[in-house]
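**Q** Please read through the structure below; I'll follow up with questions.
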Amino acid sequence: MLVKTFCAAVNGLDVNTVTVEASVESGQMLTLTGLGDEAVKESISRMRTAFSYCGFHFPTRAVTVNLSPANLRKEGSGFDLPIAIGILAANEQISDDMLQDYMLMGELGLDGALKPIKGALPIAIQARKEKFKGLIVPKENEYEAAVVNNLDVYGMSSLIEVIRFLAGASDAVPVELDTRKVFYEQQARYDLDYSDVRGQENVKRAMEVAAAGGHNLIMVGPPGSGKSMMAKRLPSILPPLSLAESLETTQIHSVAGKLGSNVSLISQRPFRAPHHTISQVALVGGGVNPAPGEISLAHNGVLFADELPEFNKATLEVLRQPLEDRKITIARAKYTTEYPCSFMFVASANPCPCGYYGDPTHDCICTPGQRHRYMSKISGPLMDRVDIQCEIQPVPFEDISKQQEGEKSAAIRERVIKARKIQEERYKDFPHIHCNAQMTDRMLHEFCQTDEESMEMLKLAMKRYSLSARAYSRIMKVARTIADLAGSDMIRKDHIYEAVSYRSLDRSDWCERT
């Protein structure tokens, strides 16, 4: 008897419907075809024990299972459930009347328990697209899949439970989830807040400007000055995720298997902080089984590189293209896949090998040459993509001991949202341009209008500090953001002055200053 069940294969962010064709006939051969990986081939061994544990028996006749389309790679243990149900139905141990209405996904334990899978959300989107009546997934994935409207999602705990449901002997009901309610309830909950930061008002201001314009930022300062502390609080002042952004972000984390149990939607912007020993593949994604890397997991959020000069230089260089294109294409011999990676890049660095250059409380033992070589580990093309360079000093005791809290993140966030709305209106006719950091050089002349006095001051600053031509566009973009925060249509002298102050590393005398 030939029976068909339905499931899905996830490759990158692309999802394809897979038909499991199971046939049980006379003979003794066992054949599994359809380009499955080792985990798919091992499913038969898991099923034998699971069937026995659940009171069924594995067919003693010839069993043929084909995963169609046969030329599409299938990876992972999520195919266990549809294969198991197909074999049982083909062997006439269960009914096949309802199989055409449901997509099935789940890994089988030896006791018949269903274990969570990766990619439940994109699979649910595909099930709705293919007009299936419902989707059956492991219990741990039910809220993730239930985000998709107009699709009945059933979370099941075991093979027995699935069989009873397909036989019409179960009182299981679809998962009910008010997606918008859950999403908006969780949006404003942040464990970290800028009110915890004492002092460092100039750095907090730089963070606000970076958040308002979507600018990349680097902080340079001695150990213990609060670089990591402030970077971790950056998501609390970024504009909230829209529902569309949340869905896109959740899909990436779902495919990577990074969603926690009973999680529906990611409601806060991601913050990823990979260690400086990270490899190129872990950063950009890929591998034997393609998976999103850290830059894609930071999509719509923040990628924080702590101690930037300690990263492998070749690893850092792979960031250059994603920072410009906001997507990463991974091409290997056996596959090509694309992941989105639109993120804010935030980095921190010590100013020199000993860490104390410019620290008023410690003496630096490094020579100008050593400082120059240390900072040269960050290439010019990568630094060219960083709009704001912020020097940071240790917090004085008087500020640390203050009992009064600093400004709360919510207040800063309101100003950031207001500035972002101005930019959305400004760039509404420009596809793929959403904030000032994404402006092209041609757009600078149209949207960065200044008076003669401001331009004269900028010209003087560029000559005095020997700033390069590449610094000009960065200064104008940041000045445009500062003007938006001030509610000004015109970029004025004080806006230019503040923007120039954020280019300290470009100054030719930076390593020689005392």
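**Q** Among DSSP beta bridges whose residues both lie in the stretch 1-144, state the antiparallel percentage, nearest 5.
**A** Antiparallel bridges: around 70 percent, rounded to the nearest 5.
**Q** I want to make sure I understand the PRE zone here: with the label point 7 angstrom from the Cα of Ser466 toward its beta carbon, which residues in the stretch 342-370 have backbone N atoms less than 19 Å away?
**A** Under cut-off, by backbone N: 367-370.
**Q** Another question, if that's okay. Counting only helical runs of four or more DSSP H residues, what would the 222 nm mean residue ellipticity of the chain come to if each run contributes -39,500 (n - 2.57) and the total is spread over all its residues?
**A** -10000 deg cm²/dmol
**Q** Okay, which of the stretch 96-110 sit inside 19 Å, backbone N to the point 7 Å along the Cα-Cβ direction of Arg48?
**A** Once the point is set 7 Å along Cα→Cβ of Arg48, 108-110 turn out to lie under 19 Å by backbone N, inside the stretch 96-110.
**Q** Follow-up. Using a 1.4 angstrom probe with every protein chain in place, what is the largest-first accessible-area order of Val203, Val318?
**A** From most exposed to least exposed: Val318, Val203.
**Q** Apply the a/c threshold of 1.5 to the C-alpha gyration tensor of the stretch 336-450 and tell me whether it is rounded, prolate or oblate.
**A** The shape class here is oblate.
**Q** Another question, if that's okay. In terms of modelled amide H atoms, which long-range or inter-chain residues lie less than 5 Å from the amide H of Ser158?
**A** When sequence neighbours closer than 5 places are left aside, the close amide H contacts are Leu114.
**Q** Now a separate question. Can you give the relative contact order of the stretch 246-344 as a percent, counting alpha carbon pairs under 8 Å and 6+ residues apart?
**A** Result for the stretch 246-344 is 27 percent.
**Q** Could I ask something else about it? Out of all DSSP beta bridges in the chain, what portion is antiparallel? Express it as a percent rounded to 5.
**A** The antiparallel proportion sits near 45 percent.
**Q** Keeping all protein chains in position, work out how much accessible area Cys54 exposes to a 1.4 Å probe, and write it in Å² to the nearest 10.
**A** For Cys54, the solvent-accessible surface is approximately 20 Å².
**Q** Please compare each pair in Lys204/Lys408; Lys118/Lys139; Lys204/Lys313 to a cut-off of 21 Å on the Cα-Cα distance and tell me which ones are over it.
**A** Lys204/Lys313
**Q** So for the pair Ala167, Arg61, with labels modelled 7 Å out along Cα→Cβ, what separation do we get in nm?
**A** 2.0 nm
**Q** Ignoring ligands, DNA and RNA, how do Ser52, Ser468 rank by accessible area with a 1.4 Å probe, largest first?
**A** Greatest to least solvent exposure: Ser52, Ser468.
The values are calculated or read from the model by the stated rules, or taken from the named source; none is laboratory data. Note that this is a predicted model, so its numbers are computed, not measured. Methodologically, a virtual Cβ is constructed for each residue, glycine included, from the backbone with ideal geometry; neighbour enumeration extends over all protein chains shown. All accessible areas refer to the heavy atoms of the entire protein, side chains included, with ligands and DNA or RNA removed. Shrake-Rupley method; radii C 1.70, N 1.55, O 1.52, S 1.80 Å.
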